[in-house]
1. Can you tell me the dipole magnitude for the chain around its Cα centre, using point charges on the Cβ only (Lys, Arg +1; Asp, Glu -1), in Debye to the nearest 20?
2. Determine ³J(HN,Hα), in whole Hz, for all residues of region 34-48 in sequence, where each value follows from phi through the Karplus function 6.51 cos²θ - 1.76 cosθ + 1.60 and θ = phi - 60°; x replaces Gly and Pro.
3. Once semi-axes √(5λ) of the Cα gyration tensor in Å is worked out from the coordinates, which option in (i) 24, 15, 10; (ii) 28, 18, 5; (iii) 21, 16, 11 does it equal?
4. Could you please rank Leu79, Leu54, placing first whichever residue has the fewest other Cβ atoms within 10 Å of its Cβ?
Amino acid sequence: MDFDDQLRRYFGTADLTAVPPAAIAAGVEHMAVDFGMEQDPARRFALWALMYMLGAAPDLDVAFKSEQDRDHARTFMDLIAAAEKR
């Protein structure tokens, strides 16, 4: 799942600065519904990662059943935190 494709699917554009707050909220809600129904682990992780970057991701114990998936998510969170410090 390509990042820009996700943005276009949920927000109608790849430029989030052009999306009004109400549309962001609606897109995040749509993502949460899709996340809950998604069965493919890679697509689920991609949805969670975008929700995380938008401050709307579910807690790891809710989002991922396996410890390995939770570890991958923690690594992603650490990478994002490190990138934000630069």
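Every number in this text was worked out from the coordinates using simple rules, so none of it is lab data. Please read all numbers here as calculations on a predicted model, not as lab measurements. Quick reminder, even Gly has a Cβ in these numbers, built from the backbone with ideal geometry, and neighbours come from all protein chains shown.
1. 140
2. So the Karplus estimates, Gly and Pro as x, are 4, 4, x, 9, 5, 9, 6, x, 5, 5, 4, 5, 4, 5, 4 Hz.
3. Label of the calculated value: (iii).
4. Working: Leu79 10, Leu54 16.
Sorted ascending by nearby Cβ count, the order is Leu79, Leu54.
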